[in-house]
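The values are calculated or read from the model by the stated rules, or taken from the named source; none is laboratory data. This structure is a prediction, so every number in the text was calculated from the model and none was measured. Note: ideal-geometry Cβ built from the backbone for every residue, glycine included; neighbour counts use all protein chains shown. With ligands, DNA and RNA removed, areas are computed over all heavy atoms of the protein, side chains included. Shrake-Rupley method; radii C 1.70, N 1.55, O 1.52, S 1.80 Å.
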Amino acid sequence: MNKPYDVIVVGAGHNGLVNACYLQRSGLNVLVVEKNDWIGGAAVSRELTPGILYSNCSYVCSLFRPEIMRDLELAKHGLQIIAYEGGAVFKQDGDFLASYRNHHAHRREFARHAPRDGEAYERYARDVTRQCRFIQPLLMRTAPDPASLKPRDLGEMLFLLKKFNELTAREMADTIRFWTMSISDFLDEYFEAEVIKAYLAISGIIGTALGPMSPGTAYVLLHHYMGEVDGNVGAWGYARGGMGAITRALSSSFLASGGTILTDAQVSKVLVRNGRTTGVVLENGDEHLATTVVSNADVKRTFLKLVEEPELPGDFVRQVRNFKMRGSSGKVNIALDSLPEFPALPKGSPCIRGDMHFTDTVERMERGYDDWKAGTWSADPFLDMMIPTTIDPTMAPPGQHFMSCFVQYCPPKIRNADWTDADRDAFGQTVINQIADYSPGFKDRIIHMEVRTPRELEAEVGLTEGNIFQGELTFDQLLFNRPIPGYAQYRSPIAGLYICGSSTHPGGGVMGAPGRNAAIEIMRDLKRNASHASPAHEIL
Amino acid sequence: MSMKAAGAASEFWRNPQWKSPFHDRIEALMTERHWYDWAGYAAPEIIDDAELEYFAIRSTAALFDISPMVKYSISGPDAEQFLNHLTLRDVSKLKAGRVQYTAWCDDDGQVLDDGTLFRFDDSTFRLCCQERHLPWLMDTAFDYDVTVREETDEIAGLALQGPTSAALLRDAGIDVSGLKPFQIAVLPKSLGRGHISRTGFTGDLGYELFVDRKSAGALWDHLWQHGTLRGLRAIGYHALNIARIEAGFIVANADFVTSETALRSNRPRLPDEIGLDWMVDLTKPHFNGKRAIERSRQSKSRREVLVGLEIEGNEPAQHAIVYHAKRREVGVVTAGIWSPTAKRNIALACVDARYETGDNLWVEIYALRELRYHKLMKRARIVERPFIKLPRRTLTPPGDF
Ligand SMILES: Cc1cc2nc3c(=O)[nH]c(=O)nc-3n(C[C@H](O)[C@H](O)[C@H](O)COP(=O)(O)OP(=O)(O)OC[C@H]3O[C@@H](n4cnc5c(N)ncnc54)[C@H](O)[C@@H]3O)c2cc1C
């Protein structure tokens, strides 16, 4: 019989680790159990071919909360986020749209494609920033339960209403419109040039099984922009050493504070007795006891697989079943023996060091989504392609490169049948062909590649249906509705069982906020001092 | 699909800061090498000595490059109607060959910018301003037969300001003896296609010259050559800023926040809140922001006012907090200098409208002296703008100082 722990965290994704770090630092004895023999979940970097490190899932850091980096001393444990420059959309006519860090260069480049769009960008950026400033303070707070009369819930509800009340009538209208609009309609109100709209629509569809013309996608854009608004210089960029550097630093911080991690330890059941959790049992039969169990796995995996159904209220189970996952994305990681060339780009262009894309109209994006609806991957997919090794010297030997391609759309099943290896390879080929169209000799540079469809993401990371955010970020599944109305505060119907992954408020992305917020709730329940969780930075 | 190589037009990252047509001439004179960014152009802060540059404005003649100023060409049969819809003042009263200092607002009556409107003939105008407004102008132009085009980079501009400027121009073969303030004349053909107007940002006798870009260098050389005997000096923004504060002029996004750039919805201002109430012509047909301005006047909902302050002592109060009775915070100084001509400590400030006439105003100045702050609480009096009034500014024909 193993000695009991105070807390067991199921899953060593970044949220599980953030949660474990805060709890361990409050004096609790915490065990993290991870099914894979590596840690990180979707924030992971693995060397699958000698000398070259991939960011196998997530690839850019935009949301990770700086408060968490400071509280958990992640800089001391080796984490560095480095800013990058550039970005481009390659057009079918041989031209391209560049994105520059310099304000005037950016404006002039936009104006090159449509004279008024250069200035329209400033309007657009202002309006989006205004929306971010409104929503961002909600990230680092537990969402209120609108049905509760507890003083804290009333207080939080009041905070929400007060924030809303501070808006002018026009802003309120804008905000409601923004939360419900399609990104395509939203962009049409600002821009003329198709390629500019295609570029800016990207953030509205990433990780979502919606097309740029589906209502609600404007909000998704906000979710991706939110990390930047409070002047956190250096919070946006590549994690030096890949996204796995984030979870490596977290685990190092956790171990240094006395925590324990078990890998290759898949939990098969959460133990429940008399409506209370008592620990977990692993696939190999080992039992670990604790009166508090925190699941980093998504809400479906947690409540439909790890907990016996009779332990849960029927209505709750039904709502968990209804929670929308709907994977929409794939990932192709490529090791290259040399830097690819893109003849469209002028010599010396910084664009190659940023995010690159080949979808030059919103229409093409929407067509790609049509394929997803028909149950197959996009024949003309949308790529978010980056080469982190153009600025990160730690991921490949000099001259060689890691190229990360995030791909949409890619369904959880192929016409209702499971993915086959042949499907997966054909999907990978579709992606490679698209790149090669714009980069002569590209295929000859490839040393190795890893193709990941929702099947691989589910099997390996445990993301149900391969949804990268542990559940869609649509407005019906946010705030006090994430994941389930009445259970948005990281607790569950089972006493002592909590959830802390991206399925919970404020949602997906390598942000750390769900893990931290959940830790604060748990410390409150266990009457622990939580003063080591510093309050969210103010937005002035 | 073709894989053609990119054109040089898209290499904006190489030179994000553009050069004005006078860049090389200014650079050759510059000993301080102190540039700043003006709307995407490199502009001189100081050429060689800010104090001497200031006294050139007030005692001889000063040449300041205004090419980076954002310029829109507005023309067509409906140009007057369109501009009347856009701006606060009555454009039908602006005669051909004259300039109007004006401002324009969004539908909430919040100021988008102020600037100067040049009318060359019935249907041809130029709007000069600080911020860029193409989307706003094009949206407003929707129903009018009018063409709006940015021409900032095509038109070179020079401000020639100071007591000897008229004499200098006469020497240079440009007759301005009959030119009244805000009047425009065509430049002699030999100097290129362009105009001269009796306008400026210094509150002194002065002119502004605009020519097509290719004539810019020759115009500069021509003025420079005739400037030797008239004490001409090239100046940077530092000197100009002192003169413009003395003259009581405001600068968008320095003395007020324009409504298209503000992130915080309570920052933009109505014309009445920044001292531009006199521009608003409620007798003309609809214009952008009219209803909101009327409503605010009816409900007396003006929150702030922009005032001139005279502050005791000689320590500039730039960005100081304004207090009532030394305790209640009621505003902020947006621009504060020691005026070399008036010999007074002057400032522009945004102040809570309830204290518009109030006395008992104070400013808190933090004066840093060798790494120690002197915290000063100084009495401030609301005074008339401009802080200095020079008769030579409006005298026609101009004096030969
Ligand atoms: C392809 C892809 C690209 C992405 N790109 C970005 C990006 O660029 N930027 C960004 O910010 N976000 C990105 N995301 C989203 C982001 O990576 C995720 O939202 C985030 O990493 C999820 O973290 P988490 O800790 O909540 O959960 P996860 O990372 O899903 O962690 C859950 C952990 O639990 C473990 N687990 C599950 N079940 C069990 C069990 N029964 N027993 C033991 N362990 C178990 C899993 O193995 C896993 O380690 C991307 C995601 C994917 C998949």
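Rg and Dmax of chain B, both derived from C-alpha coordinates alone, stand at 21.9, 73 Å. At full extension, A:LEU262 and A:ALA125 could sit 44.8 nm farther apart than now, given 0.36 nm per residue minus the alpha carbon distance. Projecting the Cα atoms of B:TYR323, B:TYR373, B:TYR355 onto the charge dipole of the range B:303-383, computed from C-beta unit charges around the Cα centre, puts B:TYR373 farthest toward the positive end. Panel note: contact residues of the range B:256-294 (accessible area lowered by at least 30 Å² against the chain on its own; 1.4 Å probe) correspond to B:GLU260, B:LEU263, B:ARG264, B:SER265.
Below 8 Å, C-alpha to C-alpha, sequence gap of six or more: please give me the relative contact order for the range B:1-299 in percent. Please list the in-between numbers first.
Working: 584 pairs, mean separation 71.8, N = 299.
Reported as a whole number, the value is 24 percent.
When 1/r is averaged over all different Cα pairs and the result inverted, which Kirkwood radius in Å belongs to the range A:115-234? The Cα-based Kirkwood calculation yields 15.6 Å.
Residues of the range A:184-213 with an amide N closer than 18 Å to a point placed 7 Å from the Cα of A:ALA114 along the Cα-to-Cβ direction: A:184-204, A:212-213. When the accessible area of each residue in the range B:9-32 is compared between its chain alone and the complete protein assembly (1.4 Å probe; ligands, DNA and RNA ignored), which residues differ by at least 10 Å², being lower in the assembly? Residues of the range B:9-32 that lose at least 10 Å² of accessible area once the other chains are added: B:ALA9, B:SER10, B:GLU11, B:PHE12, B:TRP13, B:ARG14, B:PRO16, B:TRP18.
When chains B and A come together, the accessible area they lose, probed at 1.4 Å and totalled over both chains, is close to 3100 Å².
Accessible area of the range A:304-377 with a 1.4 Å probe: how many percent of it is carbon plus sulfur? Show your work: numbers first, answer last.
On the way: 1410 of 2860 Å².
The computed percentage sits at 49.
Placing a label point 7 Å from the Cα of B:ASP277 along the Cα-to-Cβ direction, the residues of the range B:285-307 with a backbone N closer than 14 Å are B:293-307.
Applied to the range A:159-165, the Karplus parametrisation 6.51 cos²θ - 1.76 cosθ + 1.60 on θ = phi - 60° returns per-residue 3J(HN,Hα) values of 4, 4, 5, 5, 4, 5, 5 Hz, with x for Gly and Pro. In summary, the aspartates and glutamates within cross-link reach of B:LYS290, defined as a Cα separation below 14 angstrom excluding same-chain residues under 8 places away, comprise B:ASP90, B:ASP106, B:ASP107, B:ASP108, B:ASP272, B:ASP277, B:ASP281. In this structure, the pairs whose alpha-carbon distance is over 18 Å, taken from B:LYS95/B:LYS180; A:LYS35/A:LYS269; B:LYS343/B:LYS375; B:LYS189/B:LYS214, are B:LYS343/B:LYS375. Against the compact-protein benchmark of 2.2 N^0.38 Å, the Cα-based radius of gyration of the protein assembly as shown scales to 1.08. Taking Cα centre as origin and charging only the Cβ of basic (Lys, Arg, +1) and acidic (Asp, Glu, -1) residues, the dipole magnitude of the range A:115-234 rounds to 480 debye.
How large a share of the accessible area of the range A:115-234, in percent, is made up of carbon and sulfur atoms when the probe is 1.4 Å and the other protein chains stay in place? It would help to have the intermediate numbers written out before the result.
Details: 2770 of 4680 Å².
Whole-percent figure for carbon plus sulfur exposure: 59.
Modelled label positions at B:ASP143 and B:HIS286, each set 7 Å beyond Cα in the direction of Cβ, lie 0.5 nm from each other. When the other protein chains are added to the chain by itself, burial of at least 50 square angstrom of heavy-atom accessible area (probe 1.4 Å, ligands and nucleic acids ignored) affects these residues of the range A:319-356: A:PRO346.
Per atom type, chain B shows carbon and sulfur on 50% of its accessible surface, probed at 1.4 Å. Ellipticity at 222 nm from helices only: DSSP H runs of n ≥ 4 in chain A, each -39500 (n - 2.57), divided by the residue count, give -10000 deg cm²/dmol. Each label point was placed 7 Å from the Cα along the Cα-to-Cβ direction; for B:GLU312 and B:ALA342 their separation is 1.8 nm. Calculated from the alpha-carbon coordinates, the range B:129-244 shows an Rg and a Dmax of 16.0, 53 Å respectively.
Just the number: Rg to Rh for chain A, Cα atoms, Kirkwood Rh, two decimals. Before the final figure, lay out the partial values.
Values: Rg = 22.6 Å, Rh = 23.7 Å.
Here the Rg-to-Rh quotient is 0.95.
For the pair B:ARG327 and B:LEU229, the difference between a 0.36 nm per residue extended length and the Cα-Cα distance amounts to 29.9 nm. In chain A, a dipole from Cβ-located charges (positive for Lys and Arg, negative for Asp and Glu) runs towards its positive end, and of A:ALA436, A:SER252, A:PRO454 it is A:SER252 whose Cα lies farthest in that direction. Here the contact order of the range A:371-526, divided by its residue count and restricted to Cα pairs under 8 Å and six or more residues apart, works out to 15 percent.
Leaving out ligands and nucleic acids, note down the accessible area per residue over chain A with a 1.4 angstrom probe, in whole Å².
Numbers: 19100 Å² over 540 residues.
It amounts to 35 Å² per residue over chain A.
Only one residue of A:MET325, A:ILE387, A:VAL33 has its Cα farthest out toward the positive end of the dipole of chain A, where Lys and Arg carry +1 and Asp and Glu -1 on Cβ, and that residue is A:VAL33. Think of each Lys and Arg Cβ as +1 and each Asp and Glu Cβ as -1; about the Cα centre, that makes the dipole of the range B:303-383 roughly 220 debye.
Of B:PRO163, B:PRO77, B:PRO271, which has the largest mean-square fluctuation in a 10 Å C-alpha GNM of chain B? It is B:PRO77.
If every alpha-carbon in the range B:3-124 counts as one equal scatterer, what log10 I(q)/I(0) does Debye give at q = 0.15, 0.16, 0.17, 0.21 1/Å? Taking Cα atoms of the range B:3-124 as identical point scatterers yields -0.94, -0.98, -1.01, -1.10. Please give, to one decimal in nm, the separation of the simple spin-label points placed at A:HIS532 and A:ASP370, each 7 Å out from Cα toward the Cβ. So the label points at A:HIS532 and A:ASP370 sit 5.6 nm apart.
Place a +1 charge on the Cβ of each Lys and Arg in the range B:1-299 and a -1 charge on the Cβ of each Asp and Glu, then give the dipole magnitude about the Cα centre in debye, rounded to the nearest 20. Can you show the working numbers first?
Details: 33 positive and 43 negative charges, 100 e Å.
It works out to roughly 480 debye.
Taken along its three principal axes, the alpha carbon spread of the range A:1-108 comes to 68, 33, 23 Å, from the longest extent down to the shortest.
Find how much the distance from A:ASP185 to A:LEU255 grows on full extension, using 0.36 nm per residue of separation minus their present alpha carbon separation; answer in nm with one decimal.
On the way: separation 70, 0.36 × 70 = 25.20 nm, distance 4.85 nm.
Full extension of this stretch gives 20.4 nm more.
Legend: P(r) of the range B:303-383 from all alpha carbon pair distances, 5 Å bins from 0, whole percents, reading 3, 18, 30, 25, 15, 7, 2, 1.
Going by average Cβ neighbours within 10 Å, how do the peptides A:166-178, A:22-34 rank, with the highest at the top? Working shown, then result.
Details: A:166-178: 13.7, A:22-34: 24.2.
Ranking the peptides A:166-178, A:22-34 by packing returns A:22-34, A:166-178.
Give me the net charge for the shell around A:PHE96: Cβ to Cβ below 10 angstrom, other residues only, Lys and Arg +1, Asp and Glu -1. Don't skip to the end; give the middle numbers.
Values: positive: A:LYS91; negative: A:ASP93, A:ASP95, A:GLU109, A:ASP360.
So the environment of A:PHE96 carries a net charge of -3.
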